[in-house]
Amino acid sequence: MEETTLIKFFNGTASPKEEKEVREWLEKPESRKEFDLILEKHFENPVIHSVLDELDYTNLLAGIHKKITPNQAKPKRRILPLVYRSLRIAASIVLVLFLGYVMVQTIRTHGDPNNSQPVASITSTTRSTGPGEKLTLQMPDKTKIVINALSEISFSSDYGQKNRIIHLTGEAYFEVASDPNRPFKVVSDGITTTALGT
């Protein structure tokens, strides 16, 4: 090893290439004698020489390496990949559960696509008249009903969808709209009268 390169190295003026060469050279076992000679030549003080003989060259070399070697990133701990992997698995599970919940709610809200509309509760509507009073009704199927005085009719909320049944107590006049699929029926005093669509 050239003395000028070593001197530059110790003064901190060596190029990166020269620093690398010196580091590699210092790691070789035979470089110790040459290193001692260069130190004696440039530092003639006998006190320094005796101190250098007692130095632990392994620790000195390790100290030099620590100063000149660029800081290497600490090795990543193995725990971090485990945490990331666990978080990914947990996120996947949460996503699957959320999608399942959305699917169940959609089926509940819109019903089964193979079935028709969800069944609504059927209610009954009643209309009545007092003495000397008449009432005219226009039904959803365009049938017109005129209820005479002291009379009452009732029909279900699904009138005109599946059937057309009217319950009558008293007197009423009917102008029945034609619908051969759903005949118009009037139930009065236990007797059912059916209009056949004529």
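The simple spin-label model puts a point 7 Å past each Cα toward its Cβ; for THR169 and THR192 those points are separated by 2.1 nm.
Summing charges over all other residues whose Cβ lies under 10 Å from the Cβ of THR143, with Lys and Arg as +1 and Asp and Glu as -1, gives 0.
Taking amide H atoms as placed 1.01 Å from N in the peptide plane, the amide H of ARG164 lies under 5 Å from those of LYS185, each 5 or more residues away in sequence or on another chain. Projecting label points 7 angstrom from Cα along Cα→Cβ for VAL96 and LYS20 puts them 5.1 nm apart. Shown are MET103, MET139, whose ranking by accessible area with a 1.4 Å probe and every protein chain present, most to least, is MET103, MET139.
Summing +1 for each Lys or Arg and -1 for each Asp or Glu among the other residues whose beta-carbon sits under 10 angstrom from that of PHE184 gives +1.
Note on LYS66: lysines with a C-alpha under 27 Å away, same-chain residues under 8 apart excluded, are LYS8, LYS17, LYS20, LYS28, LYS33, LYS41, LYS74, LYS76. Charge tally for ASN163 (other residues, Cβ to Cβ under 12 Å; Lys, Arg +1; Asp, Glu -1): +1. For region 2-39, chymotrypsin sites (Phe, Trp or Tyr not before Pro) are listed when DSSP marks them as loop and at most 16 other Cβ atoms sit within 10 Å of their Cβ; the list is empty. In terms of accessible area, using a 1.4 Å probe and ignoring ligands and nucleic acids, HIS110, HIS65 rank largest first as HIS110, HIS65.
The values are calculated or read from the model by the stated rules, or taken from the named source; none is laboratory data. This is a predicted model, so every value here is computed, not measured. Virtual Cβ from ideal backbone geometry, glycine too; neighbours counted across all protein chains shown. The area values use the complete protein model at the heavy-atom level, side chains included, leaving out ligands, DNA and RNA. Shrake-Rupley method; radii C 1.70, N 1.55, O 1.52, S 1.80 Å.
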